[in-house]
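K.L.:
Quick one: the structure is below, and I'll ask about it shortly.
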């Protein structure tokens, strides 16, 4: 099992910019897929720990979050995911946290599941919003050059980065061809070294038998994401991150 402890601390600054400086202190916040709660590190004194909930698939990171932030709420969500929770339960519903949330965040969560599963979970999360609440989640556009957000990164898309990282059998030409196929699609899935363009149910993350700890990454063009959620604001990346953001409002 690879190390699943996140060290990313830029989530707060990212959502602070995307959501245009919301009133964090007065908000109940759900960090969906929040790992060990490093969002709170970046947030500093801007977020009340008593008003912060973190839901994550991995029991180990949830336990570490409880130890690091004892006043916050950490909830284990034992749902199957081939990459992050291969022993989990398929199609498990999101736990009821007992409150409605003013802000629900998901950073780099729906980037690791198929379109159908994303639509299901987004619908469930929207039902957990308080009146006037907001749901913001990130996604990767397969056509976006990551170096536009961070010049220190090698030019190219996240698809190319993943294919080169997992490279065993693919030649440079193979990778070029797969990146081109991905870029011509509305959405695609990259599993280890293979690109699947607009796949059907056979790649549904809660249906197929995945290999434990495989790399499973989903990509959507900004235009296609906007078509999936017509009432959303689809926003470009906030440097130095290269992920776009989809922002949905709850009922008033």
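The values are calculated or read from the model by the stated rules, or taken from the named source; none is laboratory data. As the structure is a prediction and not an experimental result, all values here were calculated from the model. Methodologically, a virtual Cβ is constructed for each residue, glycine included, from the backbone with ideal geometry; neighbour enumeration extends over all protein chains shown.
K.L.:
When you check residue 212 against the structure, is it exposed (fewer than 15 other Cβ atoms within 10 Å of the Cβ), outside the structural domain of residue 102 (by TED's automatic domain parsing) and in contact (Cβ under 8 Å) with a residue 40 or more places away in the chain, yes or no?
P.N.:
Criteria met by residue 212.
K.L.:
Something else now. Could you go through region 96-110 and let me know if any residue there is touching a strand residue (DSSP E or B) at 6+ places or on another chain (Cβ under 8 Å) and farther than 20 Å from residue 136 by Cβ.
P.N.:
no
K.L.:
If you take the residues of region 164-209 that are modelled with pLDDT of 85 or more and more than 26 Å from residue 227 (Cβ to Cβ), which of them is nearest to the chain's Cα centre (by Cα)?
P.N.:
192
K.L.:
Which of the residues that make up region 11-31 are assigned to a loop (DSSP other than H, G, I, E, B) and surrounded by 14 or more Cβ atoms within 10 Å (Cβ to Cβ)?
P.N.:
Hits for region 11-31 are 19, 22, 27, 28.
K.L.:
Considering only residues that are in contact with a strand residue (DSSP E or B) (Cβ under 9 Å, 6 or more places away or on another chain), closer than 20 Å to residue 218 by Cβ and at pLDDT below 95, which ones fall in region 54-87?
P.N.:
Selection gives 58, 80, 81, 82, 83, 84, 85.
K.L.:
Same structure again: Any idea which of (1) within 17 Å of the chain's Cα centre (by Cα); (2) under 30 Å from residue 89 (Cβ atoms) is the one residue 144 doesn't satisfy?
P.N.:
Only one criterion is unmet by residue 144, namely (2).
K.L.:
Strands (runs of 3 or more DSSP E) wholly in region 51-140 with at least 2 residues that are within 16 Å of the chain's Cα centre (by Cα) and in contact (Cβ under 8 Å) with a residue 60 or more places away in the chain - which ones?
P.N.:
101-106, 129-139
K.L.:
Look at residue 231 and say whether it is surrounded by fewer than 20 Cβ atoms within 10 Å (Cβ to Cβ) and under 17 Å from residue 115 (Cβ atoms).
P.N.:
When the stated conditions are applied, residue 231 does not pass them.
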